[in-house]
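This report refers to the structure that appears directly beneath it.
The values are calculated or read from the model by the stated rules, or taken from the named source; none is laboratory data. If you're wondering where the values come from, they're calculated on a predicted model, not measured in any experiment. Glycine also receives a Cβ, built like all others from the backbone with ideal geometry; neighbour counts cover every protein chain displayed. Accessible surface areas use protein heavy atoms only, side chains included; no ligands, DNA or RNA. Shrake-Rupley method; radii C 1.70, N 1.55, O 1.52, S 1.80 Å.
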Amino acid sequence: MINLVEYSGTEPATDDWCEAVFDGDIVVFSGFPAVDALIDHGRRLCCDAYDSDSPNRLEGLSDKEGFLTAADQLDVAFNKAPETISLFNTFFRATGLSPEDLYYDRWRLRTNPSHKTFLSDKTRHVPPHRDNWGSHIHCQLNWWGPLFEIEPQQALLFYPDYWNAPIANDSEVWSLDALKEHRSRGKDYPTLPTVTAPLPVGSAQPLMLKPGEIACFSGAHLHGSATNRSGRCRFNIETRTVCPGDIARERLAPNVDGPHDKPPANHWFRHCLNGDKLSSRQI
């Protein structure tokens, strides 16, 4: 079963909840003004992008190209908006994390439609994976929160039985450089390393969050998207962070089935305040 640890409105002890995350718990934060402001900020962008007060109830625009263009522009607008980084950093401080010692990969606002004709690399249902298979950073934290009400078909799915159990995957052969090369030539290549073996029926558990709740979980968790056939679009905000202090202290999640000889992708992560790459920092 998914083990949830919930904090509402009061600053938690950072060591306590971080240790819980690296032990496989999912920590849920709610009742923080910065979270509510983040949700409002993301919703406003969604409403503007789709010219609707309820963009989650629209099945898309009149054509696939227009829909995908709007979804991409929405993600870019969220990532570049000054309010986004300010609100995330305020939220991180409320959890006890210090943006002065924190690096992120990107501020994302994802669109996941239910109609299959509007799916693409960026709007697709993400298959089961561990983020650490790609980044090779075992203290990576993932942050995820919905902008509108969701149902199980729109949720993230977790496979808690595999927290300490290996599963066959293609992380040994997957490469970001190969991904970039294939895309530059217009060829298909998996966006991320994924599971290559069937998962038992019933092993997936949906994480049901409400708008105003943000979950933090280890990048080592096996997780993916539910197949959205709800008739409504899912919009969510997310990011991933790394704290060099965790690396120095070797406060890590287990690596049960990923490569042990690949270098960490530190260049993916930038400082939350000055934008410097993690790869430029001596750890």
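Miscellaneous remarks
- All conditions but one from (1) open to solvent by less than 60 Å² (accessible area, probe 1.4 Å); (2) at pLDDT below 95 apply to Ser171; the one that does not is (2).
- Residue match in region 50-69 (condition: closer than 30 Å to Val256 by Cα, in a loop (DSSP other than H, G, I, E, B), of a type in the set (Gly, Ala, Ser) and touching a residue at least 12 places away in the same chain (Cβ under 8 Å)): no
- Residue within region 233-242 that is open to solvent by 20 Å² or more (accessible area, probe 1.4 Å), part of a strand (DSSP E or B) and closer than 14 Å to Leu4 by Cβ present: no
- Restricting region 17-39 to residues that are in a helix (DSSP H, G or I) and closer than 16 Å to Ala253 by Cβ, the residue that is most open to solvent (accessible area, probe 1.4 Å): Glu19
- Count - residues of region 82-124 that are over 30 Å from Pro190 (Cβ atoms) and among the aliphatic types (A, V, I, L, M): 3
- Checking each residue in region 133-164 for being closer than 15 Å to Ala253 by Cβ, in contact with a Gly (Cβ under 6 Å, 6 or more places away or on another chain) and open to solvent by 10 Å² or more (accessible area, probe 1.4 Å) picks out only Trp163.
- Some residue of region 181-198 being in contact with a His (Cβ under 9 Å, 6 or more places away or on another chain), open to solvent by 40 Å² or more (accessible area, probe 1.4 Å) and either part of a loop (DSSP other than H, G, I, E, B) or among the hydroxyl-bearing types (Ser, Thr, Tyr) (or both): yes
- Residue in region 171-191 that is more than 19 Å from Asp23 (Cβ to Cβ) and under 17 Å from the mean Cα position of the chain (by Cα) present: yes
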